[in-house]
1. Any residue in the range 71-88 that is over 16 Å from residue 51 (Cβ atoms) sitting within a Cβ distance under 6 Å of a residue that is surrounded by fewer than 12 Cβ atoms within 10 Å (Cβ to Cβ) and at pLDDT 95 or above? List the pairs, counting only those 6 or more apart or interchain.
2. Based on what the data block shows, is residue 28 surrounded by fewer than 10 Cβ atoms within 10 Å (Cβ to Cβ), outside any loop (DSSP other than H, G, I, E, B) and at pLDDT below 75?
3. Within the range 52-88, count every residue that is exposed (fewer than 10 other Cβ atoms within 10 Å of the Cβ), within 21 Å of residue 38 (Cβ to Cβ) and in contact with a strand residue (DSSP E or B) (Cβ under 8 Å, 6 or more places away or on another chain).
C-alpha cells in the first residue's frame, strides 16, 4: 500500500513539474524584452508637418526625437527655460 502511495505521489509530482510556469523570468529574458521595446520606439519617426509662422519645432531627445511645438516668438532665454521644464 505504501509503495502504491509513493508511486502515486511521484506521478503527481511529475505532472505538477510538467505544468509548472516559471514565475521568475530570467534576467536575460527581461533585458531582451526591454531591448525589443526600445527598438520599436526608436524605429518610430514622427511625421513633421509644416507649421504656421508663429510656431516651431524643438526636439527634446537626441537625433530629432521627441518633437515638441512651441511659439517661435519666445526669446532664447524663454525657450531654454521652457525646454528645461519639458525635459524634467
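The values are calculated or read from the model by the stated rules, or taken from the named source; none is laboratory data. Everything numeric in this text was worked out from a predicted model, so none of it was measured. Cβ coordinates were reconstructed from backbone atoms using ideal geometry, including for glycine residues, and neighbour counts include every protein chain displayed.
1. From residues that are over 16 Å from residue 51 (Cβ atoms), there are no pairs.
2. Working: surrounded by fewer than 10 Cβ atoms within 10 Å (Cβ to Cβ): yes; outside any loop (DSSP other than H, G, I, E, B): yes; at pLDDT below 75: yes.
When the stated conditions are applied, residue 28 passes them.
3. Total satisfying the criteria: 0.
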